[in-house]
1. Over the stretch 186-296, with the other protein chains present, what is the accessible area per residue in square angstrom, probe 1.4 angstrom?
2. Taking the Cα centre of the stretch 156-195 as origin, work out the dipole magnitude from +1 charges on Lys and Arg Cβ and -1 charges on Asp and Glu Cβ, in debye rounded to 20.
3. Just grab the label-to-label distance for LYS188 and VAL373, each label 7 Å out from Cα along the Cβ direction, in nm (one decimal).
4. Nothing charged except the Cβ atoms of Lys and Arg (+1) and of Asp and Glu (-1): what's the magnitude of the dipole of the stretch 218-336 about its Cα centre? Round to the nearest 20 debye.
5. In the neighborhood of LEU101, defined by Cβ-to-Cβ distances under 11 Å, what is the net charge if each Lys or Arg adds +1 and each Asp or Glu adds -1?
6. How much net charge surrounds ARG247 when only the other residues with a Cβ under 10 Å from the Cβ of ARG247 are counted, with Lys and Arg +1 and Asp and Glu -1?
7. Rounded to a whole number, what % of the accessible area of the stretch 134-253 do carbon and sulfur atoms account for, probe 1.4 Å?
8. For VAL137, VAL323, write out the residues from largest to smallest accessible area, computed with a 1.4 angstrom probe and no ligands counted.
Amino acid sequence: MARGGNQLFDDNRDGFLWISGLGSQWNSFEDVQYLPAGGLFASVNQMGMGDNGSLKSLYNDLCVKYLSFVGVQEEEGVLKKKKKGGLKLKIKIKNPSLRRLISGGIAGAISRTAVAPLETIRTHLMVGSSGHSTTEVFNNIIQTDGWKGLFRGNFVNVIRVAPSKAIELFAYDTVNKKLSPAPGEQPKLPIPASLIAGACAGVSSTLCTYPLELVKTRLTIQRGVYNGIVDAFLKILREEGPGELYRGLAPSLIGVIPYAAANYFAYDTLRKAYRKILKQEKIGNIETLLIGSAAGAISSSATFPLEVARKHMQVGALSGRQVYKNVIHALASILEQEGIQGLYKGLGPSCMKLVPAAGISFMCYEACKKILVEDEEEA
């Protein structure tokens, strides 16, 4: 051997593993060299450990100390092998708030990018700028802007959604933890903690990121008017004033509160029901995807009219459209001009976008929490 160390296995025979520096703590894979598999401890007698008791003790100590990374661990004095599950990435982050923020940001970015084309079609359908059906809007966008048109404003969307989802999940977990009773205690409030926590999470994230949402909508609808996110911000501030960045905030908040509350409450309730019915604590990625999608379908369908009113108010007087005074005026005007179906225009593509987005977001969030752990030993 080129490197110094104690040789446990004879090179000339079918050995198994050579470990350098047995007298010190092993911290690097560089200290481990693999040899052809075969007989074990061919050279143990050279170390003065010839008897069976000492040999067994040495073997157990070495396994516990040096081979834990291949799935061998000591539990209550007995060596047990873990099930082989492939490569499992773990990143140690002690701060639980930081873990939630990072997990939420990653989940938001991935989910929104995956459904960006559906978001674009939904926005066009709501304001009727490129057609009155999903197929018509899709064909119009492809003919006008090509495939890139389906992702118009997605960069702004990701910038908005990543911190928004991070803030949202952080607020939800924090409030839910504070309001949830400890085992054996009476509930602190007469309504579920997840319902209140979800509403607080939605309001917190909306207040912090609403200007980016408005700019994203303008970039999607007003083609050729702005040369990017910075130009859009500057033009809106210069031509329409700072208050324009929060146009439509009231209906947005009114829509967010029931949506977020219903979304998180439904997600929490479905997860508890899954565990109770199937009698298993662990929920897999596919199950999380389905549960999250179901929660998204429930919450988005219930609050869709307010979303339509908010989009109309954000667009403002674009292309000679009516300027609405408030959310009640917007809802009444849409109902008078287009009927009840006008309040649900774009619900189909909206659900096509929101339902998988919710499922992907929850799935990525739970997966990230499994990767970002507090301790290296945490599963």
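The values are calculated or read from the model by the stated rules, or taken from the named source; none is laboratory data. All of these numbers come straight from a predicted model, not from anything done at the bench. Every residue, glycine as well, gets a Cβ built from its backbone with ideal geometry; the counts of neighbours run over all protein chains shown. Ligands, DNA and RNA are stripped out before the accessible areas are found, and what is left, the full protein with its side chains, is counted by its heavy atoms. Shrake-Rupley method; radii C 1.70, N 1.55, O 1.52, S 1.80 Å.
1. Value for the stretch 186-296: 49 Å² per residue.
2. So the magnitude is around 100 debye.
3. Taking the simple label geometry, LYS188 and VAL373 are separated by 3.0 nm.
4. Here the stretch 218-336 has a charge dipole of around 300 debye.
5. Taking every other residue near LEU101 into account, the sum is +1.
6. With Lys, Arg at +1 and Asp, Glu at -1, the net is -1.
7. 62 percent
8. VAL323, VAL137
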